[in-house]
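Q: Quick one: structure below, then a few questions.
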Amino acid sequence: MFKILIIGFAIIAFNVVLQAWANIYLTRKTVSVISEWKKKLNNMRILRLLVYSFLFLTFLHAIHSLIWAYCLYLIPSIQPDFASFHDIFYYSIVTFTTLGYGDMTISSEWKILSGIEAINGIMLIGWSTALMYSLIQIIYKTLREQNGKQRKN
């Protein structure tokens, strides 16, 4: 059991570092883009920024699920529970997003990884939600500043 927990938390640590780096990149990128567009932040630019950020974070979570799936695939006693890597990836996405359909399960002692993956998923998705909220706040603040300057002129 201790070995399983160590492996689970190692995967979590890797995913958290990946999430942190991706958040640093996205934050720096969006702040620089907003700074460039500050005087002309129109609806199309805001739309592009929000869609790009959303798709970037969605892709990031798919990578997180893929990392979990690959790690599960490497465990020999889990492989008999799944017909293919595709099934493991599906199982990982369902678990990472905490949907937990239950149509596929791990029957060995490694099933504790399912709960650990779900904890990892809910935390990282929550982190991304907070990042999107912060991005919307930055856009809102920039628009207020833009409108304030227009009123003074």
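Q: Do the conditions hold for L131, that is, is it of a type outside the set (S, T, N, Q) and under 21 Å from V33 (Cβ atoms)?
A: yes
Q: Is it the case that some residue within segment 131-152 is of a type in the set (D, E), out of contact with any Gly (no Cβ under 9 Å at 6 or more places or on another chain) and more than 16 Å from T58 (Cβ to Cβ)?
A: Yes, because at least one residue in segment 131-152 is of a type in the set (D, E), out of contact with any Gly (no Cβ under 9 Å at 6 or more places or on another chain) and more than 16 Å from T58 (Cβ to Cβ).
Q: Within segment 1-32, how many residues are touching a residue at least 24 places away in the same chain (Cβ under 8 Å) and either in contact with a His (Cβ under 8 Å, 6 or more places away or on another chain) or among the basic types (K, R) (or both)?
A: Going through segment 1-32 one residue at a time, the tally reaches 3.
Read the figures in this text as sums done on the coordinates, not as results from a lab. Fair warning: this is a prediction, and the values are worked out from it, not measured in the lab. Note that we place each Cβ from the backbone using ideal geometry, even for glycine, and neighbour counts take in every protein chain shown.
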